[in-house]
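The values are calculated or read from the model by the stated rules, or taken from the named source; none is laboratory data. Bear in mind that the values here come from a model prediction, so they are computed numbers and not experimental data. Positions of Cβ are generated from backbone atoms using ideal geometry, with glycine treated the same way; all protein chains shown enter the neighbour counts.
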Amino acid sequence: MRIITITLIFIMAVIFGAFGFVYSGILNVSATEKDPKILTWLLHTTMKKSVERRARNINVPDLMNREMILAGLADYVGMCAQCHGEPGQKPGVLAQGMNPPPPDLDHLAESGTAAEIFWIIRNGIRMTGMPSFGKTHEEKEIWPVVAFLESAGNITEEDYRRMKTEAIKYGHHIDESSMGFSEQGLINSDGFSNELDPEQPEEKHTDSLEVFTDGDRHGHNNGNHVH
Ligand code: HEC
């Protein structure tokens, strides 16, 4: 009997304590506040395991397609770069102010299997700044970004810029100003040109991509979906 009373008192104390904590306003919700390491580990591990479990049954299409990868880079610039950044660039305003911080491109490329990355892009990660793109994009519009990330492990700044120059023709987020070309002077009066390395023949632009065969992009429909 005594044990039951003590247990009940203990449970009530925990419940009142929790409410007291919530209503007192003691917790600082500022994004500038550093989370304790143990909490970061707990949340991140929970997230990873949750994604791992849910991505198990996703069928991954063929991602070794050069045009698809380039389209994915263009889409990355349009959809992801403002948070996850680009090689050789300082993190943007959003990325600097977010908690948890968005990992950079190198980290993304290594962050999981193609199915897991696809799941994250489609669903987002709640209680972080990672949005769900599945609400506004069809699956066939998400796979190219996965294809790009799969091929972007340790990509150099130079390779990235070369690929980006080529990628302007692809993707559903194509807009020269958003790709930053006019600012970087990569477009001259003749139209499209790659001033980074004019001597280099076209096929040589993407050394790391030479293994990929040309082929149709996976039914990507340019620019007629809602954002
Ligand atoms: C508004 C900012 C924002 C945008 C836009 C955004 N992300 Fe994220 N993303 C985040 C944040 C913040 C996290 C970190 C979440 C965490 O720590 O759990 C994240 C996490 C991720 C992860 C998981 C990394 C890991 O450690 O496992 C992947 C993969 C990812 N994003 C891919 C993308 C891709 C691809 C795009 C574009 C289609 C994109 N994100 C667009 C903010 C963003």
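Any idea which residue in segment 126-167 is farthest from the ligand (Cβ to nearest atom), counting only those that are acidic (Asp, Glu) and farther than 17 Å from LEU105 by Cβ? Spell out the reasoning first.
First pass over segment 126-167, keeping only residues acidic (Asp, Glu): 138-139, 141, 150, 157-159, 166.
Going one step further and asking which of them are farther than 17 Å from LEU105 by Cβ, we end up with 138-139, 141, 166.
Details: GLU138: 13, GLU139: 13, GLU141: 10, GLU166: 19 Å.
The extreme case among them is GLU166.
Answer yes or no as to whether VAL60 is surrounded by 13 or more Cβ atoms within 10 Å (Cβ to Cβ), at pLDDT 95 or above and assigned to a loop (DSSP other than H, G, I, E, B).
It is true that VAL60 is surrounded by 13 or more Cβ atoms within 10 Å (Cβ to Cβ), at pLDDT 95 or above and assigned to a loop (DSSP other than H, G, I, E, B).
Pairs needed: first member in segment 122-144, over 12 Å from HIS172 (Cα atoms); second member anywhere, near the ligand (Cβ under 8 Å from one of its atoms) and of a type in the set (Val, Ile, Thr); C-beta distance under 7 Å; at least 6 residues apart or different chains.
From segment 122-144, the pairs are ARG122/ILE142; MET130/ILE120; PHE133/ILE121; PHE133/ILE142.
If a residue has to be surrounded by fewer than 17 Cβ atoms within 10 Å (Cβ to Cβ) and under 14 Å from LYS48 (Cβ atoms) to count, how many in segment 101-124 make the cut? Reasoning before the result, please.
Residues of segment 101-124 that are surrounded by fewer than 17 Cβ atoms within 10 Å (Cβ to Cβ), as a first pass: 101, 103-104, 106-107, 110-111, 113, 124.
In the following step, the residues that additionally are under 14 Å from LYS48 (Cβ atoms) were identified as 103, 107, 110-111, 113.
Adding up the residues that qualify gives 5.
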